[in-house]
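Below is one structure; the comments refer to it alone.
The values are calculated or read from the model by the stated rules, or taken from the named source; none is laboratory data. The shown structure was predicted, so the numbers you read here are calculated from the model rather than taken from an experiment. Glycine gets a Cβ as well: all are built from the backbone with ideal geometry, and neighbour counts include every protein chain shown. Ligands, DNA and RNA are excluded from the accessible area calculation, which covers all protein heavy atoms including side chains. Shrake-Rupley method; radii C 1.70, N 1.55, O 1.52, S 1.80 Å.
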Amino acid sequence: QPEIGDYPFTTQKPLPGMMEYEDIKIQIVDMPPITEEFTEPWMAAIARNADAALLVIDASDESVLDHIESVLSILENFRVRLYGWDKPVPQDDLGLVIPKKSILIANKMDRPESADNLDVIRDLYGDRFPIIPVSSETCSGIEEIRVQVFRMLDIVRVYTKIPGKPADMDTPYVGPLGSTVQDVANLVHKDFVQKLKFAKLWGGTKLDGAMVSRDHVLEDRDVIELHA
């Protein structure tokens, strides 16, 4: 329950929360604003250790372009480089700067001056970031944030079933893109990794109940039945 106000610096410390997307929850951390005067090193450290970042801007502010450049520059000085999650990863030959996949969220689109500013923002940053126009006042665009964040995180949801019973479609196991049957078996229980013989798979383009090996790569919404 963060404090919300129509003025700067409402958020003064990191506030964790959960964002629901379909049948999973994703942790988000509401951070204090990044400015030249008030940015502490620990703020950049949180961004550096996160899976991704949401760059939230006030699209109605006449100085919004300066604010964007300031935030990007400050983070760069702390060795964090934001880039669009759907763009190639920027390279740093020295390995000193950590690339962090990001989405630019243009907030306050309910205000009349925001539309013209958004056109300029898209011209300047559309090739670098996915841009989602939203209004926290009217809640427009919020669902698009959920979808884009899920895609940005490169994760898959895998459901399990007991032989002879329906699959449990309420609580999926969540792993990184490229997770195998063995990876999910380890999430279910460590003993499965040692004793796993095979798994049956439902979902995607596979035949229902097809037998797969432990190194089979799973897709989002696959259902597996583990046999040990």
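Overview of results
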| item | result |
| --- | --- |
| Top-ranked residue of segment 63-91 - restricted to ones that are under 18 Å from Val120 (Cα atoms) and touching a helix residue (DSSP H, G or I) at 6+ places or on another chain (Cβ under 8 Å), ranked as most open to solvent (accessible area, probe 1.4 Å) | Leu65 |
| Residue count for segment 36-72, restricted to those that are of a type outside the set (Ser, Thr, Tyr), without any contact (Cβ under 8 Å) to a residue 12 or more places away in the chain and part of a loop (DSSP other than H, G, I, E, B) | 2 |
| Residue within segment 208-227 that is at pLDDT below 90, hydrophobic (A, V, I, L, M, F, W, C) and closer than 24 Å to Glu20 by Cβ present | no |
| Lys200 being open to solvent by 70 Å² or more (accessible area, probe 1.4 Å) and either in a loop (DSSP other than H, G, I, E, B) or among the charged types (D, E, K, R) (or both) | no |
| Filter result for the condition that a residue is farther than 30 Å from Ile68 by Cα, hydroxyl-bearing (Ser, Thr, Tyr), open to solvent by less than 50 Å² (accessible area, probe 1.4 Å) and at pLDDT below 95, over Thr160, Thr205, Thr171 | Thr160 |
| Given (1) out of contact with any strand residue (DSSP E or B) (no Cβ under 9 Å at 6 or more places or on another chain); (2) closer than 25 Å to Glu76 by Cβ; (3) without any contact (Cβ under 8 Å) to a residue 12 or more places away in the chain, index of the condition Arg122 fails | (1) |
| Filtered residues of segment 144-155 (kept if out of contact with any Gly (no Cβ under 9 Å at 6 or more places or on another chain) and open to solvent by 40 Å² or more (accessible area, probe 1.4 Å)) | Glu144, Arg146, Val147, Arg151 |
| Set Val212, Val181, Val188, Val223: member being surrounded by 13 or more Cβ atoms within 10 Å (Cβ to Cβ), in contact (Cβ under 8 Å) with a residue 60 or more places away in the chain and under 27 Å from Arg151 (Cα atoms) | Val223 |
| Candidate set: segment 111-143, residues that are in contact with an Asp or Glu (Cβ under 7 Å, 6 or more places away or on another chain) and surrounded by 15 or more Cβ atoms within 10 Å (Cβ to Cβ); chosen: the one modelled with the lowest pLDDT | Ser135 |
| Scope segment 157-181; condition of a type in the set (A, V, I, L, M), closer than 20 Å to Phe198 by Cβ and touching a strand residue (DSSP E or B) at 6+ places or on another chain (Cβ under 6 Å); matching residues | Val158, Ala167, Val181 |
